[in-house]
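Data block below; observations after.
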Amino acid sequence: QVQLVESGGGLVQTGGSLRLSCAVSGIISRINAMGWYRQAPGKQREMVARITSGGSTNYADSVKGRFTISRDNAKNTVYLQMNSLKPEDTAVYYCNGDIVRFGQQRELNYWGQGTQVTVSS
């Protein structure tokens, strides 16, 4: 069983920072691309940032220059450093990963349970 467990959400004031973590557990052969998505109330889930196994990144325009995605392959963990937070960043943040389980050939896509980020004005 593969699980993605997020941590690091919380309440922060405008201009503040938070660091989200997502740890992947289970018997895994390979972790390919990982990403962070968010969903605000009444809105669709949107991509925030993604990182490939080789470290290439891409970001939503709304977070470029403020958020940084990174990964520690030895720890099977991906991070999202969020700086200069704005009220419009308020959302549930979800970790996502393309993962190949041990003994399998095909990657499957997995989601974490989400962590709430609230930015007060």
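Residues whose amide H lies under 5 Å from that of Arg71, counting only those 5 or more places away or on a different chain, are Tyr79; hydrogens are built 1.01 Å from N in the peptide plane. Label-to-label distance, Arg45 versus Asn58, with points set 7 angstrom from Cα along the beta-carbon direction: 1.8 nm. Would you work out the relative contact order for the chain, in percent, from Cα pairs under 8 angstrom that are 6 or more residues apart? Once normalised by length, the contact order is 36 percent.
Mind ranking 59-65, 36-42, 16-22 by how tightly packed they are, going by the mean number of other C-beta atoms within 10 angstrom, highest first?
The packing order, highest mean first, is 16-22, 36-42, 59-65.
Taking all protein chains into account, the per residue accessible area for the chain stands at 54 Å² (1.4 Å probe). Evaluated with a Cβ-only charge set (Lys, Arg +1; Asp, Glu -1), the chain carries a dipole of roughly 120 debye about its Cα centre, given to the nearest 20. Taking max minus min of the alpha-carbon positions on each principal axis, the chain gives extents of 49, 25, 23 Å, largest first.
Taking θ as phi - 60° and the Karplus parameters 6.51, -1.76 and 1.60, the scalar couplings of region 5-10 work out to 10, 8, 8, x, x, x Hz in sequence order, x denoting glycine and proline. Expressed as a whole percent, the accessible area of region 40-121 that falls on carbon and sulfur atoms is 46 (1.4 Å probe). If you plug the beta carbon distance of Glu88 and Ala23 into 1/(1 + (r/R0)^6) with R0 = 25 Å, you get a FRET efficiency near 0.35.
The values are calculated or read from the model by the stated rules, or taken from the named source; none is laboratory data. Source: prediction; values computed, not measured. Backbone-built Cβ (ideal geometry, glycine too); neighbour counts: all protein chains shown. Protein only, heavy atoms only, side chains kept; ligands, DNA and RNA dropped before computing areas. Shrake-Rupley method; radii C 1.70, N 1.55, O 1.52, S 1.80 Å.
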